[in-house]
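Take a look at the structure below.
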Amino acid sequence: MDNELQIYIDGKFYPKSEAKVSVYDHGFLYGDGVFEGIRAYNGVVFKLKEHIDRLYRSAHAIMLTIPLTKQEMLQAVLDTLRKNKMQNSYIRLVVSRGIGDLGLDPRKCPKASVIIITDTIQCKASNAQETGITTIFSWVQRNPVNATTHEIKSLNYLNSILAKLEANAYGADEAMCLESSGCIAEGVGENVFIVKNGEIFTPPTSTGALSGITAEVVVGLAAKLGIKVAITNLTPFMLFTADEAFFTGTAMEMTPIREVNKRVIGDGKPGVVTKKLVTEFQKVIADPTQGTKI
Ligand code: PXG
């Protein structure tokens, strides 16, 4: 197929149907690797440098040597988008430990593998931004900071998948995880924010949450709008009784939360502060100075 999506694997392009990695790759055998999810809007890769920086920080934390410089990685992402003539895309950048033997010792894996997929994603209903989504607290505790913490964007996502299964089982749109002290860590692939009395609150990354690039953008927008932001522990009660709540993430973008474990948040509709931020957020993702041009 001529128009089949082309996938980058270690410097070469393969049609999607032939883009394969070895069953001896430790990314597959052990979840040993790191990744990023990135979006391109209208020919501009949003916050590409920030995502690449985070990828290399994750790799550093698991002592994984990426066989490309950051600049080469950036070029490889742009090349893959150009190859596929993609102007709008959801980009998945994966670096796995590479091929080893059946033992888990990473020293048996001489070379990491770099994979770049430039596809699209549908992770929420098309009207989610207007209606908000429903969520539940999962029984699954976020991996603690002294374990496979989500501060590292690693290929170990079973913690999130267990929580997502719970959302599916209860018919909720998304799940959230609590950390060991019972405070809110984050969603399965999103950071969580609440609004109370016109101020914004979000948990610190010391709960084992990822330092979200979308969250950082939203915090910046709030500052620009003169809305106070506090990074602080959030209890489930604080979310139940918030005026407004929303998720942020590359895949989810900014999405209002209207319900948590059947408790309606505020009046069950996206609130004024959330709506103001969503408007600003739409402007930022459309701003070519906020990313890297394809
Ligand atoms: N927390 C976790 C654990 C994440 O994986 C975020 C927060 C949001 O971070 P950014 O930087 O994107 O604002 C993420 C990243 C999906 C999906 O399919 C989403 C992520 C990762 C993997 C899959 O929804 N989001």
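Please treat every number below as a calculation from the coordinates, not as lab data. Keep in mind that what you see is a predicted model, and the values were worked out from it rather than measured. Reconstructed Cβ throughout: ideal geometry from the backbone, glycine too, with neighbour counts over all protein chains shown.
Structure above, values below:
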{"read-out": "C-alpha long axis of helix 272-285 to longest principal axis of the chain, angle in °", "value": "30"}
{"read-out": "Percent antiparallel among DSSP beta bridges (both partners in the chain, rounded to 5)", "value": "85"}
{"read-out": "Spacing of the two label points (7 Å from each Cα toward its C-beta) at K12 and K49, in nm", "value": "3.4"}
{"read-out": "Sites K276 and N233, calculated FRET efficiency, Cβ-Cβ separation with R0 25 Å, nearest 0.05", "value": "0.50"}
{"read-out": "Amide proton proximity set for K47, modelled H, under 5 Å, gap of 5+", "value": "G291, T292"}
{"read-out": "Extension gain (nm, one decimal) between D101 and E130, 0.36 nm per residue minus Cα-Cα", "value": "5.5 nm"}
{"read-out": "Percent RCO, i.e. relative contact order, over the chain, from Cα pairs under 8 Å lying at least 6 residues apart", "value": "19"}
{"read-out": "C-alpha center-to-center spacing [the stretch 186-201, the stretch 113-175] in angstrom", "value": "16"}
{"read-out": "Restraint check, K49/K275; K83/K275; K47/K108; K49/K228; K111/K283, Cα-Cα greater than 31 Å", "value": "K83/K275; K47/K108; K111/K283"}
{"read-out": "Length released on extending from A61 to L225, taking residue separation times 0.36 nm less the Cα-Cα span", "value": "55.5 nm"}
{"read-out": "Nitroxide proxy distance, nm - points 7 Å out along Cα→Cβ at N88 and S181", "value": "4.2"}
{"read-out": "Relative contact order computed over the stretch 8-62 (Cα-Cα under 8 Å; 6+ residues apart), in percent", "value": "24"}
{"read-out": "Net charge of Cβ neighbours under 11 Å - reference E216; Lys, Arg +1; Asp, Glu -1", "value": "+1"}
{"read-out": "Where labels lie 7 Å past Cα in the beta-carbon direction, separation of D287 and S22 in nm", "value": "4.6"}
{"read-out": "Residue-by-residue Karplus 3J(HN,Hα) for the stretch 168-180, coefficients 6.51, -1.76, 1.60, Hz, glycine and proline x", "value": "4, 5, 9, x, 9, 6, 8, 10, 10, 10, 9, 9, 4"}
{"read-out": "Using alpha-carbon coordinates, inclination of helix 213-224 to the longest axis of the chain, degrees", "value": "40"}
{"read-out": "Under-5 Å amide H pairs with Y157, H placed in peptide plane, nonlocal only", "value": "none"}
{"read-out": "Considering only the stretch 100-226, percent of DSSP beta bridges that pair antiparallel, nearest 5", "value": "65"}
{"read-out": "Helix 70-83 vs. the chain, principal-axis angle (Cα, 0 to 90°, nearest 10)", "value": "90"}
